[in-house]
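Down below is the structure, laid out as structure tokens.
The values are calculated or read from the model by the stated rules, or taken from the named source; none is laboratory data. Please read all numbers here as calculations on a predicted model, not as lab measurements. Cβ placement follows ideal geometry from the backbone for every residue including glycine, while neighbour counts extend to all protein chains displayed.
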DNA sequence: ATTTTTTAGTCAGGGGACCTGATTAACTGA
DNA sequence: TCAGTTAATCAGGTCCCCTGACTAAAAAAT
């Protein structure tokens, strides 16, 4: 009973957080022209991240990885191509497949977007950041289990990308 | 320096969480037909929630509250009307304004969507839920400050709605 | 070796969340 | 009363995503 209440309170905070982050986000956008929504991993961004874990992939593989339809994937890849962040070329081995690759610019862009630390985390102390990371780890693990269906390898790679990305630059031995 | 690292780790967890929640969410959707995305407070849902804090409002007030343009608001209100969740009627006092009201169904729907506890919170213990709620409170407060620009009254009301909603059903005296 | 089936991708079209710009109808104030 | 604000609408556009229909190429089956 008390547990339920606590769950509900946490839920409400989460809902609130979602709403706040949303408006805070586009307040920022109104100033600076067209900056990436960091931390919103979807659409073109999702594709870009997926390519970071494995480059030169068939469009279809990409679609499977990120759990989008072939059509949506095609759309986003095309948009990324227009922005010169990826290239598309037909495979010679199998003339049906299109191979998608990151350009230098694309790689840079992706790295950069991972770099940004959302401003709202700046109110937290070291201990609080640890707490948050710990809680999110637990939640994420639960979600990984819940997913299963979707290609787990991509998410594992994604996970590694994310963590390794940050740890690479330091040589701290801490892990969870 | 160490602080930065902690921030980055937390960021990565957050990004990961976003991606996971996203796919976990639409895995659920593939089974059950068209269920609400709980906890995604935007578009029509945002309007619905806003009406919970104050009903029978002019469309313009609504737009101000939720920080959307009049046009977007009109669009969502229309969609909600088609779903029979709200009604629109011209004000007699001022013939320009359209008054939006929740229907019984709309109110029910909104309550229901607030009720749902995301499955991923079920992996957390009581203490962890408390921790999470605490952290989110702090983050949210920071975001409130960051926003400022947007109508703060709506967010206060929203905040109250959210918390009161959960606490109403019990008569526990706990607050944070 | 030819037919059938599967597979990778494309086009067309649509829905939801937003936005800017232009226009109309009604209210308000000088 | 005439000009200027205000509430709303229409038109059109972008981004994220999906379903359905279809082609071309490869793989499997006959």
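Annotations for the structure displayed:
- Test: residue in region B:36-53 that is exposed (fewer than 15 other Cβ atoms within 10 Å of the Cβ) and either at pLDDT below 85 or more than 10 Å from every other protein chain (Cβ to nearest Cβ) (or both): no
- Condition check for residue A:92: away from chain B (no Cβ under 14 Å) and at pLDDT 95 or above: no
- Scan region A:115-140 for residues that are at the interface with chain B (Cβ under 8 Å from one of its Cβ atoms) and either crowded, with 20+ Cβ neighbours inside 10 Å or within 20 Å of residue B:130 (Cβ to Cβ) (or both) and the total you get is 17.
- Listed by first and then second residue, the pairs with beta-carbon distance under 7 Å, at least 6 apart or on different chains, first residue in region B:58-74 and within 12 Å of chain A (Cβ to nearest Cβ), second in a helix (DSSP H, G or I) and more than 8 Å from DNA strand D (Cβ to nearest atom), are B:65/B:50; B:65/B:154; B:66/B:46; B:66/B:47; B:66/B:50; B:66/B:154; B:67/A:23.
- For region B:60-83, filtered to residues that are more than 18 Å from the chain's Cα centre (by Cα) and within 14 Å of residue B:102 (Cβ to Cβ), the residue that is farthest from DNA strand D (Cβ to nearest atom) is B:83.
- Scope region B:76-96; condition near DNA strand C (Cβ under 10 Å from one of its atoms) and loosely packed, with under 15 Cβ neighbours inside 10 Å; matching residues: B:78, B:79, B:82, B:83, B:90, B:91, B:92, B:93, B:94, B:95, B:96
- Filter pass, residue B:8 being modelled with pLDDT under 85 and surrounded by 18 or more Cβ atoms within 10 Å (Cβ to Cβ): yes
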